[in-house]
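Working notes for the structure below.
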Amino acid sequence: MAEFWTGYALPTLIMLAQIIGVMAVVLLSMAYLTYAERKVIGFMQLRMGPNVVGPFGLLQPFADALKLMIKETVLPTGANRGVFLIAPVLTFSLALVGWAVIPFNEGWVIADINVGILYLFAISSLGVYGIIMAGWASNSKYAFLGALRSAAQMVSYEVSIGFVIVTVLLVAGSLNLSDIVRAQETVWFFIPLFPMFVIFVVSALAETNRAPFDLPEAEAELVTGYNVEYSSMAFALFFLGEYISMILMSAMTVILFLGGWLPPFAIAPFTWIPGVVWFALKIAMILFVFLWVRATLPRYRYDQLMRLGWKVFLPFSLLWVVLTAGVLVAFDWLPA
């Protein structure tokens, strides 16, 4: 019995506690990201934003959640009910499972696997399935057109993201996310790889369907696109999935280019601050860019969106991979 407890039951309980802890932090962060977005955009547009529910409006996310939970789930008459209900669950689940390999600090990771970056790339690639399923199962031309737009958009920018990741892997010499962070102890990768950093951030906006690349949810012509027929908690799961994906892409940006949990300078007082705090601050900085862009830039036309992905980002990122590999080989800087 003792061997069973120490060899199987105890590690399982510890793993469950880690998973629940990470999920709780991610969901709470997602809730207050919606609050921060409304506040930041409100201030940029000289409005107040949420300021009624709770002090400074801090309870607004919980009021929104309660409202969505008590609403009726409406199923369209012509919809495929099974696929219609599975789609938001799939989108939400994929947004959560990516956090299994994210290192919050030295040793603070649920699954420290050697191919963590490939796992994240695979999870982000699967996200399009939930959106396509929702658009098709809704039996609505607006929803289906939004789903097709999203599929084309995500596939287009995933190619550029893939080449950016290859460049980082060449410099770091590992697919393990913790090793990639440790490789930035001397200099963060956004300095030597600044063009790829910019491409990655812009592609992350397109990958998460955020402004100015929110063509699948274009209110003007598609009345929110693929989720137009959803209501109640089914809509909330899409909403949750989108914002969790924003935080996940920001975490990937921090790990690949901004040194993860490492402080900006290896001197006091920067080294006194825990690594997880630096990690959270960097994610908040990238998320602020997401919100800033939404409040500032107009939406792209769809042909402009496709041209940017295929005719600008793809050839440039491919060229940068070749240049990076050439420099590493020429100067014998290949990691051991």
- Mind jotting down the distance between the C-alpha centroids of the stretch 276-308 and the stretch 109-164, whole Å? 18 Å
- Query: Fully extended, how many nm does the chain gain between Met285 and Val89 (0.36 nm per residue separation, minus their Cα-Cα distance)?
  - Reply: 67.7 nm
- Rg/Rh for the chain, where both radii come from Cα atoms and Rh is the Kirkwood radius: 0.98
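Among the GluC sites (Glu not before Pro) in the stretch 165-260, which ones are in a DSSP loop with at most 14 other Cβ atoms within 10 Å of the Cβ? Mind listing them?
Values: sites: Glu185, Glu207, Glu217, Glu219, Glu221, Glu229, Glu242; in loops: Glu185, Glu229.
Hits after loop and neighbour filter: Glu185.
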- Query: What's log10 of I(q)/I(0) for the stretch 103-240 at q = 0.10 Å⁻¹, Debye sum over Cα points only, no solvent?
  - Reply: -0.43
- Message: As a test of reading the structure, rank Val101, Val155 by solvent-accessible area (1.4 Å probe, protein chains only), most first.
- Response: Val155, Val101
- Projected onto the charge dipole of the stretch 162-289 (unit charges on the beta-carbon of Lys, Arg, Asp and Glu, signs +1, +1, -1, -1), the Cα from Ala183, Tyr243, Thr167 with the largest positive-side position is that of Ala183
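May I ask you to give the percent of accessible area on the stretch 222-308 that is carbon plus sulfur, with a probe radius of 1.4 Å? Can you show the working numbers first?
On the way: 2740 of 3720 Å².
Carbon plus sulfur share of accessible area: 74 percent.
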- Volume per residue (Å³) of the convex hull spanned by the alpha carbons of the stretch 274-320 is 97 Å³
- Message: Bin width 5 Å, origin at 0, all Cα-Cα pairs of the stretch 172-264: what percent of pairs per bin?
- Response: 3, 13, 18, 18, 15, 10, 9, 8, 6, 1, 0
- Query: How much of the accessible area of the stretch 122-213, in percent, comes from carbon and sulfur atoms when a 1.4 Å probe is used?
  - Reply: 72 percent
- Simple spin-label model, 7 Å along Cα-to-Cβ: Ile110 to Phe270 in nm? 3.1 nm
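Based on Cβ point charges of +1 for Lys and Arg and -1 for Asp and Glu, what charge dipole magnitude is obtained for the chain about its Cα centre, in debye rounded to the nearest 20?
My answer is approximately 780 debye.
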- Note on the structure: For the stretch 30-97, the per residue accessible area (1.4 Å probe, Å²) is 59 Å²
- Note on the structure: Taking the chain and counting helices only, DSSP H stretches of n ≥ 4 at -39,500 (n - 2.57) each over all residues, the nearest-500 ellipticity at 222 nm comes to -21500 deg cm²/dmol
- Note on the structure: Expected field for Ile267, accessible surface area in Å² at 1.4 Å probe radius, rounded to 10, holds 100 Å²
- Step through the residues of the stretch 40-52 one at a time and calculate ³J(HN,Hα) from phi using the Karplus curve (6.51 cos²θ - 1.76 cosθ + 1.60, θ = phi - 60°), rounding each to whole Hz and writing x for Gly and Pro. 4, 5, x, 5, 5, 9, 6, 10, 8, x, x, 8, 10
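Would you mind finding the longest exposed-site-free stretch of the chain, with exposed trypsin sites (Lys or Arg not before Pro) meaning DSSP loop and at most 14 other Cβ atoms within 10 Å?
72-300
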- Query: Taking a probe of 1.4 angstrom, what is the accessible area of Trp99 in Å², to the nearest 10?
  - Reply: 10 Å²
- Note on the structure: Of the residues Ile199, Leu319, Ala268, the Cα lying farthest along the dipole of the stretch 197-336 towards its positive end, which is defined by charges on the beta carbon of Lys, Arg, Asp and Glu, belongs to Ala268
- Message: For the full complex of protein chains and a 1.4 angstrom probe, list Tyr243, Tyr32 by accessible area with the highest value first.
- Response: Tyr32, Tyr243
- Task: Mind grabbing the accessible area of Phe62 for me, 1.4 Å probe, Å², rounded to tens?
- Result: 100 Å²
- Item | Check: the stretch 1-111 dipole with +1 on Lys, Arg Cβ and -1 on Asp, Glu Cβ, in debye | 500 debye
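Ignoring ligands, DNA and RNA, how do Ile20, Ile123, Ile273 rank by accessible area with a 1.4 Å probe, largest first?
Working: Ile20 110, Ile123 20, Ile273 65 Å².
Reading off the accessible areas and sorting them downward yields Ile20, Ile273, Ile123.
Send over a whole-number figure in Å² for the accessible area per residue of the stretch 161-265, probe 1.4 Å.
Values: 2960 Å² over 105 residues.
Ligands and nucleic acids excluded, the figure is 28 Å² per residue.
The values are calculated or read from the model by the stated rules, or taken from the named source; none is laboratory data. Here the structure is a predicted model, which is why all the values come from computation and not from measurement. Cβ: placed from backbone, ideal geometry, glycine included. Neighbour counts: every protein chain shown. All accessible areas refer to the heavy atoms of the entire protein, side chains included, with ligands and DNA or RNA removed. Shrake-Rupley method; radii C 1.70, N 1.55, O 1.52, S 1.80 Å.
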